[in-house]
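The values are calculated or read from the model by the stated rules, or taken from the named source; none is laboratory data. Since we're looking at a predicted model, the values are computed, not measured. Protein only, heavy atoms only, side chains kept; ligands, DNA and RNA dropped before computing areas. Shrake-Rupley method; radii C 1.70, N 1.55, O 1.52, S 1.80 Å.
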Amino acid sequence: PAVHQEQCGQYDPRRRPWFVAASSGPKDVVLVIDISGSMEAYGRMDLAKEAAITIVDTLTVADRVAVISFSSTAYQIGGYSSLVRATNENKERIIQAIKDLKANGSTNFYDAFDTAFNALDRTIRSESTSGCNIALLFMTDGQITAGPGANDVINLVNNRTEQLATNFNRKATVFTFSLGQEADHSVTKSIACSTSGIWTPVDDLTGDLVTAMSSYYKLFALGLGEDGNKDFAAWVEPYEFHNPAGRMGTTVSAPVYDRSVNPPLFLGVVAVDSYMDALEQVLGEDATSSTMLQRFVLLSTARCPKIDLTECELDALRFLGGGEDATCGVCNSTSYTGIVPKNCPFQSDL
């Protein structure tokens, strides 16, 4: 239940599972983390871990997740070989594996992307996927120093995204993040632009990697705003409430749009908390049972958001995340009506 805050801006609901679930719908998420030796500089390794943990923590039982770490070679962490359902138990295991990562070695983009797409292929072929859109989040602070070069990497990503679309009718969106001034910009931006993805540069001193990476849901929110999902509501796996401490509950949430513009402008999320003991009495089931968990999975299943944006709409999202430098130069506008919200006059936008 909500708690009155004396000071604005200390609590960010955008980093809560109920917010991300309502704004993006079911999804497959693959995080690819650079752990090469240069990530030790400027505290980038700690920032990358914090961002990755935040992303994993915001996922719900309707989602699937995998985390790939790479330096000279790449591997999937947590002891998994494919994406897993984002239950509390699986998330805790993955988060601990992220915390244990150490920076060392060179930078092999090719092996990183190849390992990520292999995990996706295995998941889809075993029919253990969410069945909805795919977000591949790739973060690096360096340039290619091992493995095949830039052209081979770009071709690999293009070919593998096309194969997912052709063979499995699955849309994969690549989000790339360049950390610091020495990070590669040309390859990461080229990958995003050529795959209808989004590239975001993150400054060492002034950038906010956590916010930049968690903004991927804004693209999915546009698809979820279509009429087919007008009545969609998301439920999250039961969790321990902060107030009153120790009491178990869940949250049901729904996205809110301004439908007077096209595409509908995502405004935020409305949510209601519910105590689990009340639901147990009504349903006659233990809150921790597998049957109860399956109820939440089914309740949170929406029609998969169709990501069918124009080039200008995509550039608007790029502009929103990284300014004009992040755009792919396909649209001459900087207003982007319907995508970039206007600031409220005389009022904080926190």
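Brief remarks on what is shown
- Using a cutoff of 8 angstrom between alpha carbon atoms and counting only pairs six or more residues apart, the relative contact order for region 86-207 works out to 25 percent.
- Residue 84 contributes about 20 Å² of solvent-accessible surface, heavy atoms of the protein only, 1.4 Å probe.
- Apportionment of accessible area to carbon and sulfur, region 124-214, percent (1.4 Å): 44
- 5 angstrom amide H check on residue 200, placed H, neighbours 5+ away: 176, 177, 178
- Interchain or long-range residues, amide H under 5 Å from residue 36's placed H: 104
- Residue 40 accessible area, 1.4 Å probe, all protein chains in place, Å² to nearest 10: 110
- The alpha carbon centroids of region 16-66 and region 69-145 are separated by 10 Å.
- Under 5 Å, built H, 5+ apart or other chain: amide partners of residue 107: 145, 146
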